[in-house]
Structures are given as structure tokens and as C-alpha cells.
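Remarks on the structure that follows.
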Amino acid sequence: MDLALWLPLLGIPIVVLGFALRFNPLMVVTVAGVATGLAVGMDGLSLLETFGEKFMSSRQLASALLILPVIGLLERYGLKQRAQSWVASIRSATTGRILMLYFVVREVSAALGLLSLGGQAQTVRPLLAPMAIAAASNQYGELPQSIRDRIAAHAAACDNVALFFGEDIFIAFGAVLLMTAFLKENGINGVEPLMIGLWAIPTALCALVIHLFRLSRLDARIAREVQDWQLAQSALATSAKAQVAV
Amino acid sequence: MSSVDSIISINLVFYLIGAIAMLVAGLSWRDASNPKRYSTALFWFLFGFSFLFGDLMLSLLGKQVTYRIVGVMVLLIAALAGAKLLGVGVPPPEDEAERQRSAQRLGNRLFLPALAIPVITVLLTLFAKELKFGSWFLLDQKNLTLAALTIACLGALLLGSKLTGGSPLLAVRESRRLVDAIGWALLLPQMLAMLGGVFVAAQTGRSIQTIVNLFIDPDNRLALVAIYCVGMALFTMIMGNAFAAFPVMTAGIALPFLIVQQHANPAPLVAIGMFCGYCGTLMTPMAANFNIVPAALLELKDKYQVIKIQIPTALAVLGCNILLMYFLVFP
């Protein structure tokens, strides 16, 4: 087999292995870049230039840093506590229902092009995750860390899934424009962005049904796990007492 | 510069990000409770430097020298992170009772600044696109959303400090808890863009295309559809970005085998194909902004937990996509 065909792929196993062995991802990615560049015969200086140029030209990716001061300030003055007590005042609120409601609103608004209504730093961390956790702790009292983590992770997942499968229906979104441009470049004319947007609807509906189905079973699962945890806790307490008695 | 001038330009946004990073660096430097405070400060200083002085270096030193310097700084940043020299300070104990009191005092008004960020961003991108003062656009025309987000954050910060009585400087001080929690993950998307740049220069995509073509049976419709869908998901997992995977896999598989040979309808084919890529995005740590940064933001013990939660949905949607494509794209 032709070696020149395989050398440019060197970075891929390095990335996979590096992540699997839990080295620091910044290190893994950099090493993969250096290895790939050297393998295809780039010299050190032009490799440095590629690194510097790409790092500079993708600086907008760090924009989450702009949001953090506001969130930090509001958290200091009790944003999470307020989100929790507000949820506590709604009797019918459960973790699953809150996440389902957010999911539907997020997917529909993304389909209408309102992509910024939501997001991990601005919505999930300060509002959605605390509310979803508060709903469960209203029902069951104290929660083990593992369940709090799982609910928080579900909140983050809701935002991602709803955004991804909603946004392609919105015809002005970059992905749709990328697809029409690609087809034109390859000599396929007459495919309008509107058509691609319409053909995105079946998958968007599948994602909606699948993820809502999973969320609808979340409450029961939390109930079961909290019960198991409480049983284990009280078993621990009794055995501790028994030991003291002995 | 021949580009149209704007008040909230992308450079201004970078200066703001750089200023926040420098403040974080300074606060880390002075934080005696952080056992690795000097290296942590150096990490954020190097990061902030490229934002604050990047444009100045470009105009003073030219592209080549600037990119080399930034390249060296990036290697240093990666080395600091790789050698585990990023430390976390011990934050002063949170006064839960105090927070409860102020939450009660401020009530639902506390939500206003947080909700103002998305609402102002959306309103500005929808209605202030063409807004001009004299010959200056308000928003950077090439980076509308980011410019709108910046105004929204500044507005929310002013509103928040008026409401709570806390100064913007206190806000940055408070945000350091979050920055410490995110740590190196904040830079991962930029590092991945860097890796993508090397992949493009090394023509990794062409290699993958050639190799995939070696293993394809051009007559089996369902197999072709499945290979295209699964290939989009897998290649997206490696590249961390469905946009990067799309041209490679579509030119390699969908175009020659499905459209030309099997006369598939291109619109549903590419629409569903891209969604297969998004299924991959849900399953990979390479899509750091969506999967790793949130885990850090939420302070999850397992950095891969968001991905683990997403895998069942991603696989189920991928299965649906294969069926949808098989039944929808052929005449």
C-alpha cells in the first residue's frame, strides 16, 4: 500500500489514543498536529506559522469568556438560589417536564433562526441545570452527587440536541448555505436552500420524538435511583449503629 | 484597511476578551491559595496576549513573524496544560445564607440580566443589521452575532451591576471561579481549528476519500447509504465538525455513487447527510464547545458525561437517518 496515502492520517490515531489515555487534550491535539505536519514533510517554521495563523483566525471561538462576568456576578447575588426557589413554587414541575419544555422551545426557536436563545454558558449553567436539579430535590430532598451530575449533563445535552436538529430547518443558517454552495460547485444546479430546509424536517421530528421519549422516562429513573441511594444510606447508618452497639 | 468601519468591530471584541483574560491572569498571580499560581497566571497571560496585542503585532511585525510568535506561544500554552501546571485557587467559602437573602431581596429581577443576553442578541441580529451612525455601522458586518452578543453582554453587565450594586470589576473577580472550572477547555476549540489547518495542509481528507473508495461496493444501495451516513458521523467525530466532514464524504461517496450512479435526489440527500454529521458531533470530545466545555461549566466529575448522555439519542437518530435516506432520496 502506498505510504504517502497513509501518512496524512497519522494525527487521527494519536488523537484517539491520547483521548483514550486521558492525556491533557490541548497537549494531545498539539502533538497530533506536529506529528501530522512533520510526517507529510512540513518544516518546523511553516508548521509554527500554520499554528499561529489558525489560532489567530479562530479567536472568535473564545467568546464564551464574554458571558462569564455577568453570570459570575448574578451567581454571587443568588441567581441559582432564586432559580431553585422559583421552581419550588411550581407544584407540577419535575426534572423531566422542565427539560422537555426547554427542549421543545429550543428546537422550535432554532428552526426559526433564533439560535442565540439559549446556550451552555448563558442558559444551561445559570438557569436550566439548577432548575432541573431543584425540581428533583423538591420531590426527594437531598440528592447524591451522581444524580445531580446526571441531571446537569442532561440539561447540557438538551441544549445541544435541540439546537443541532432545529437549526438546519432555518434556511439562512450556514450549514444550508454550505450545502447549496457545495452542490453548485459540483455542477448540480436548481437546489434551493428552501428545499434543503424542508428536507431537514423529517430528521428534526425524529430527534424530537426520540429525545422527548428519553426525557419522559427520566423522572421514573431518578425516583428509582434516589430510592436505592436512600436505602443504601439507611443501611449504612444501621450498620454503623450496630457496630457502635457491639 | 478597505473594509467598512463599524463601532463594535471584531477587534474590539477581541480586546474585551483579552482584557478579561489579563485580569484573570493578574488575579491568579496574586492568589496565594493556588499552589501553581505563577504558571496558571502565565497560561492566561499568554492567551490574553494574543487577543490584546495580536492585531498590533500583525501591523508592526507582519504576518509571518506574528504567526510564528503566536505559534510558539501556543506550544507553550499546550506544554503548560500538558505538564499539569494549571492550578485552581481555593475560593473563599460561599456564604449560602447571604446568597439566599439577596436572592429573596432581588426576587425574579435577578433573572433579567441573564435573560437580557439572549434577547438583546436576537433583537440586534434581527433588527440592527443595517443600523448606521454616520458612515459607521453599529455591528461588524462580517460578525453580526458576535458583535450583537458583545453588546448584549455589556448591557447585561451594566444592568446586573445596577441591580445588585456589584461593580463590573467584582463581576470579573467572580467569573474567575467559572474560568478556573473551565480552565484549558476554553482553548480547545481554537487548538482543534489549528489541527484542522494542519489536516488541510496535509490533505488528510483526500487520503480518507481514497481509502473509503477502496472498500465500497457500488451496487448495493442500502450499503452505500449506510456507509455515507456512518462515514459522515465517524469522520465528524474525528474532525470535531460536521462542516469539515461534509465536503470530503459527500464528494467521496454521495456524489459519485448515490447521485451520479443511483440518481438520488440531491436536496434530501445532503440535508440528511449533514444531520448524520451532527449525530457524530454529539458523540465526540473533539466538539469541545458543545461537549467538553459544558461538562467543565457544570463542574461534572466525569468530563465525558454529556457525551455519554447524548450517545443513545445520536445513535437512534443516525439509524432513523439511514432509513429516511434510503426511502426518501431515490426516485
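Of the helices (runs of 4 or more DSSP H) lying entirely inside region A:89-193, those carrying at least 1 residues that are within 24 Å of B:Ile117 (Cα to Cα) and hydroxyl-bearing (Ser, Thr, Tyr) are A:95-111. Scanning region B:249-265 for residues that are open to solvent by 20 Å² or more (accessible area, probe 1.4 Å) and within 11 Å of chain A (Cβ to nearest Cβ) yields a total of 6.
Taking the listed residues B:Val270, B:Val317, the one that is under 18 Å from A:Lys184 (Cα atoms), assigned by TED's automatic domain parsing to the domain that holds B:Leu214, open to solvent by less than 30 Å² (accessible area, probe 1.4 Å) and not in a loop (DSSP other than H, G, I, E, B) is B:Val270, with no other qualifying. In region A:166-180, the qualifying residues are those that are facing chain B (nearest Cβ under 7 Å) and free of Cβ contacts under 8 Å to residues at least 12 places away in the same chain, and the one that is farthest from B:Cys279 (Cα to Cα) is A:Leu178. One residue is enough: does region B:91-108 have a residue meeting the conditions under 30 Å from B:Ser9 (Cα atoms) and either open to solvent by 30 Å² or more (accessible area, probe 1.4 Å) or at pLDDT below 90 (or both)? Within region B:91-108 (the criterion being under 30 Å from B:Ser9 (Cα atoms) and either open to solvent by 30 Å² or more (accessible area, probe 1.4 Å) or at pLDDT below 90 (or both)), the answer is no, since none of the residues qualifies.
Residues checked against (1) of a type outside the set (Lys, Arg); (2) more than 7 Å from chain A (Cβ to nearest Cβ); (3) touching a Ser or Thr at 6+ places or on another chain (Cβ under 9 Å); (4) open to solvent by 10 Å² or more (accessible area, probe 1.4 Å):
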position	(1), (2), (3), (4)
B:Gln190	yes, no, yes, no
B:Val198	yes, no, yes, no
B:Ala201	yes, no, yes, yes
B:Arg206	no, yes, no, yes
B:Phe215	yes, yes, no, yes
B:Pro218	yes, yes, no, yes
B:Met237	yes, yes, yes, yes
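Each residue in region B:18-76 was checked for being polar (S, T, N, Q) and more than 11 Å from chain A (Cβ to nearest Cβ), and 6 pass. Taking region B:121-142 as the range and being in contact with a strand residue (DSSP E or B) (Cβ under 9 Å, 6 or more places away or on another chain), among the hydrophobic types (A, V, I, L, M, F, W, C) and without any contact (Cβ under 8 Å) to a residue 40 or more places away in the chain as the test, the residues that pass are B:Leu124, B:Ala128, B:Leu131.
Taking A:Leu163 as the residue in question, decide whether it is surrounded by fewer than 23 Cβ atoms within 10 Å (Cβ to Cβ), within 12 Å of chain B (Cβ to nearest Cβ), among the aliphatic types (A, V, I, L, M) and in contact with a helix residue (DSSP H, G or I) (Cβ under 8 Å, 6 or more places away or on another chain). The answer is yes for A:Leu163.
So that you can scan it fast, the table gives a plain yes or no per residue for (1) over 27 Å from the mean Cα position of the chain (by Cα); (2) more than 9 Å from every other protein chain (Cβ to nearest Cβ):
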site: A:Phe182; (1), (2): yes, no
site: A:Asn186; (1), (2): yes, no
site: A:Leu194; (1), (2): yes, yes
site: A:His211; (1), (2): no, no
site: A:Arg217; (1), (2): no, yes
site: A:Asp228; (1), (2): yes, yes
site: A:Ala235; (1), (2): yes, yes
site: A:Ser239; (1), (2): yes, yes
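Only one of the listed residues (A:Gly96, A:Gly72) is in contact with an Asp or Glu (Cβ under 6 Å, 6 or more places away or on another chain), within 28 Å of B:Leu124 (Cα to Cα) and not hydrophobic (A, V, I, L, M, F, W, C). That residue is A:Gly72. The sole residue among B:Leu297, B:Leu324, B:Leu282, B:Leu318 that is farther than 18 Å from A:Asn160 by Cα and either more than 7 Å from every other protein chain (Cβ to nearest Cβ) or among the aliphatic types (A, V, I, L, M) (or both) is B:Leu324.
Select from region A:10-59 the residues that are among the hydrophobic types (A, V, I, L, M, F, W, C), in contact (Cβ under 8 Å) with a residue 24 or more places away in the chain and facing chain B (nearest Cβ under 8 Å) and list them in ascending order.
Matches in region A:10-59: A:Ala39, A:Val40.
Taken together, the residues in region A:113-137 that are open to solvent by 10 Å² or more (accessible area, probe 1.4 Å) and over 27 Å from B:Gly160 (Cβ atoms) amount to 1. Counting only residues that are at the interface with chain B (Cβ under 8 Å from one of its Cβ atoms) and out of contact with any Pro (no Cβ under 8 Å at 6 or more places or on another chain), which one in region A:74-112 is least open to solvent (accessible area, probe 1.4 Å)? Among those that are at the interface with chain B (Cβ under 8 Å from one of its Cβ atoms) and out of contact with any Pro (no Cβ under 8 Å at 6 or more places or on another chain), it is A:Gly78. Of the residues making up region B:150-166, those that are more than 9 Å from every other protein chain (Cβ to nearest Cβ) and either on the phi > 0 side of the Ramachandran plot or without any contact (Cβ under 8 Å) to a residue 60 or more places away in the chain (or both) are B:Gly155, B:Leu158, B:Lys162.
The values are calculated or read from the model by the stated rules, or taken from the named source; none is laboratory data. Because the structure is predicted, anything quoted here is derived from the model rather than measured. Cβ coordinates were reconstructed from backbone atoms using ideal geometry, including for glycine residues, and neighbour counts include every protein chain displayed. Areas reflect the complete protein model, heavy atoms only, side chains present, ligands, DNA and RNA absent. Shrake-Rupley method; radii C 1.70, N 1.55, O 1.52, S 1.80 Å.
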